[in-house]
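Following: one structure in structure tokens, then a few remarks.
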Amino acid sequence: MRQLSQYAQNSDEIKLLLDRLVDQKTQPQGYADAFYQLGGALSDFIRNSKSLSAKTRITLACSSEDADWLSKGILDRLESHVAKINLAVFWNIRSNAFENSAFAIAPIIKTYVESLENVDILIICKSIINTSCVVRTNLTYMIERINPKKIFIASPVLFEKAIPSLENEFPKSISDKFEFFYFAEDNEVTEAGEVIPGIGGSVYHRLGLEDAMKKNKYIPVIVKERREANLPG
């Protein structure tokens, strides 16, 4: 069963975008565009946070498969309202330690990280949060290097146990900084570990990235553009 959050209940547009993700007839470009628009919608609610001002400095962190769509949607809509948004992108490989799904891990094999100086707010975004292992890994990397005042966790869809699961992974001094932004909460998971209706299956496949190995060879366009823009010259 799906429960819509306070941010989605009165928005026909957000409901339509969530339905587009679930619809198996949605082609990769339409699927990617839905994530981009959902990122923009998430940024609208993030922008209304009392923690944000025109002087706020943000680092937006995501996994590589979310960089060009969900993450870019957040960044494009939010960057004109704050002092600075820097980007951090992680290439993760998901696996089960000891071949046990109860010990899911997502080690980082490659990173693209812009300046981490003077970060006020860390935003961690993910296409869907289920076991929280990817978010946990990326968040751990970040908080070992910065000490933000607030940590915003943004995702169109969450599994119902994702929030307490993630909060329990960190000391209270960290979890007290968490603020969650999401549109739908689902409570069903298949035997294969897929949240339903979720985002309509594997984000890699639906975006045309095929599988985890192929998606880790993909360099997001946003990374290429920002890296070239920041090169001395």
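The values are calculated or read from the model by the stated rules, or taken from the named source; none is laboratory data. Here the structure is a predicted model, which is why all the values come from computation and not from measurement. Neighbour counts are summed over all protein chains in view; Cβ atoms, including those assigned to glycine, are modelled from backbone coordinates with ideal geometry.
Yes or no: segment 19-36 includes at least one residue that is closer than 13 Å to ALA154 by Cβ, within 15 Å of the chain's Cα centre (by Cα), surrounded by fewer than 22 Cβ atoms within 10 Å (Cβ to Cβ) and without any contact (Cβ under 8 Å) to a residue 60 or more places away in the chain. So far as segment 19-36 goes, no, none of its residues is closer than 13 Å to ALA154 by Cβ, within 15 Å of the chain's Cα centre (by Cα), surrounded by fewer than 22 Cβ atoms within 10 Å (Cβ to Cβ) and without any contact (Cβ under 8 Å) to a residue 60 or more places away in the chain. Entry remark, segment 165-196: residues being under 27 Å from GLN37 (Cα atoms) and not polar (S, T, N, Q) number 17 in total.
Among the residues making up segment 37-87, those that are small (Gly, Ala, Ser) and either in contact with a strand residue (DSSP E or B) (Cβ under 6 Å, 6 or more places away or on another chain) or buried (at least 16 other Cβ atoms within 10 Å of the Cβ) (or both) are GLY39, GLY40, ALA41, SER43, SER51, ALA61, SER63, SER64, ALA67, SER71, GLY73, ALA83. For GLY73, the conditions (1) assigned to a helix (DSSP H, G or I); (2) farther than 25 Å from ILE108 by Cα all hold with the exception of (2). Counting the residues of segment 104-115 that are surrounded by 15 or more Cβ atoms within 10 Å (Cβ to Cβ) and at pLDDT 95 or above gives 3.
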